[in-house]
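**Student:** Mind looking over this structure? Questions follow.
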Amino acid sequence: MPVGLPEFVENPENRCPVILLLDTSGSMYGQPIQELNRGLAAFKEDVLRDSQASLSVEMAIVTFGPVQLTQDFTTIDQFTPPKLEANGNTPMGEAIEYALDLLEGRKLTYKENGILYYRPWIFLITDGAPTDSWQYASQRLKEAETQRRLVFFPVGVQGADMKTLRQIAPPERPPIMLNGLDFRSLFVWLSTSMKRVSSGKVGQAVALPSVGWGQITT
């Protein structure tokens, strides 16, 4: 009988994977990146209030540019919010593809260790426009959404190219424009959503809280 990875032996709870795809390009310098860092800390703090969610929600952080894995998948009780810094351009297409590959690898690890998982979330936050080709990444995203393999949430910060974000995003989930720099409210909403998901059964539809932190753009 294969021996499971220690993390799953110690914590066999169903997993709720979330990838934060965060734009850390030069335009996020200053207050935007500071507020984003505060938002990440608020996310951890809020999820930890729920003992089930703190063992089930697994988070990975992919930052761009350049594209890099800033935090590999870890449960929230083991997560230390990184201090993000802003520089570089906005290779959004490459970042989305990286996140999709990372997610497929994690799902394989779950299966190999007999761990059930909720439908994964990819949460993209950007204040700019892609500086690379994004069409193939968008096609992969839409196929995965159609096959119910993930949920993709695009969020634009002031200055974001919402027109391109609308083209990238699946039509049933248009991008949301963040109110100012209210990352804290966004991450508390994400935490509340994750608590609702992780308290239900795998595969069960969950009503998400209303989005009070931004406007859906059409």
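Since every read-out is calculated from the coordinates, none of them should be taken as a lab result. Here the structure is a predicted model, which means the values were calculated and not measured. Neighbour counts run over all protein chains shown; Cβ positions are idealised from the backbone, glycine included.
**Student:** For a quick check: sort D132, D46, D72 by the number of other beta carbons within 10 angstrom, fewest at the front.
**Tutor:** By the 10 Å Cβ count, ascending, the order reads D72, D132, D46.
**Student:** Now, a different point. May I ask which residue of F43, W189, T70 lies farthest towards the positive end of the charge dipole of the chain, with charges of +1 (Lys, Arg) and -1 (Asp, Glu) on Cβ and the Cα centre as origin?
**Tutor:** It is W189, whose Cα lies furthest towards the positive end.
**Student:** Can I ask one more? Dipole size in debye (nearest 20) for the chain around its Cα centre, Lys and Arg Cβ +1, Asp and Glu Cβ -1? Before the final figure, lay out the partial values.
**Tutor:** Details: 20 positive and 24 negative charges, 130 e Å.
Taking the Cα centre of the chain as origin, the dipole is about 620 debye.
**Student:** Counting C-alpha atoms alone, how compact is region 53-162: give Rg to one decimal and Dmax as a whole number, in angstrom.
**Tutor:** Taking only Cα atoms of region 53-162, I get Rg and Dmax of 14.5, 43 Å.
**Student:** Sticking with this structure for a sec: Taking loop as defined by DSSP and a crowding limit of 11 other beta carbons within 10 Å, which chymotrypsin sites (Phe, Trp or Tyr not before Pro) in region 1-101 fit? Let's see the in-between values first.
**Tutor:** Values: sites: F8, Y29, F43, F64, F73, F79, Y98; in loops: Y29, F79.
The qualifying sites: there are none.
**Student:** Filter the trypsin sites (Lys or Arg not before Pro) in region 179-218 to those in DSSP coil with at most 10 other Cβ atoms within 10 Å of their Cβ, and list the result. Each step should come with its number before you reach the end.
**Tutor:** Numbers: sites: R184, K195, R196, K201; in loops: K201.
Hits after loop and neighbour filter: K201.
**Student:** Would you mind checking which residues have amide H under 5 Å from T90's amide H? H placed 1.01 Å from N; only 5 or more apart, or other chain.
**Tutor:** The list, which skips near neighbours in sequence, is T131.
**Student:** Angle between the Cα long axis of helix 31-47 and the longest principal axis of the chain, 0 to 90 degrees, nearest 10?
**Tutor:** 20
**Student:** What residue among L103, A60, A205 has its Cα farthest toward the positive end of the dipole of the chain, where the charges are +1 on Lys, Arg and -1 on Asp, Glu, each on the Cβ?
**Tutor:** Positive-most Cα among the choices belongs to A205.
**Student:** Now, a different point. I'd like to know which of T90, V151, P32 lies farthest towards the positive end of the charge dipole of region 6-216, counting +1 on Cβ of Lys and Arg and -1 on Cβ of Asp and Glu.
**Tutor:** Value: V151.
**Student:** Under 20 °C and 1.002 mPa s, how fast does the chain diffuse according to Stokes-Einstein, given a Kirkwood radius computed over C-alpha pairs? Answer in µm²/s, whole number.
**Tutor:** On the way: Rh = 17.4 Å.
The calculation lands on 123 µm²/s.
**Student:** Let me ask something else. Only Cα pairs within less than 10 Å get springs; with that Gaussian network setup on the chain, which residue of S25, S193, S54 has the largest fluctuation?
**Tutor:** Greatest mean-square fluctuation among the candidates belongs to S193.
**Student:** Where the centre of each part is set by its Cα atoms, how far does region 159-218 sit from region 2-56, in angstrom?
**Tutor:** Region 159-218 and region 2-56 have Cα centres separated by 16 Å.
**Student:** Per the Kirkwood treatment, what hydrodynamic radius in Å, one decimal, follows for region 169-218 from the mean inverse distance over all distinct Cα pairs? Don't jump to the answer; show the numbers that get you there.
**Tutor:** Details: mean 1/r = 0.0822 Å⁻¹.
Taking the inverse mean of 1/r over all distinct Cα pairs, region 169-218 comes out at 12.2 Å.
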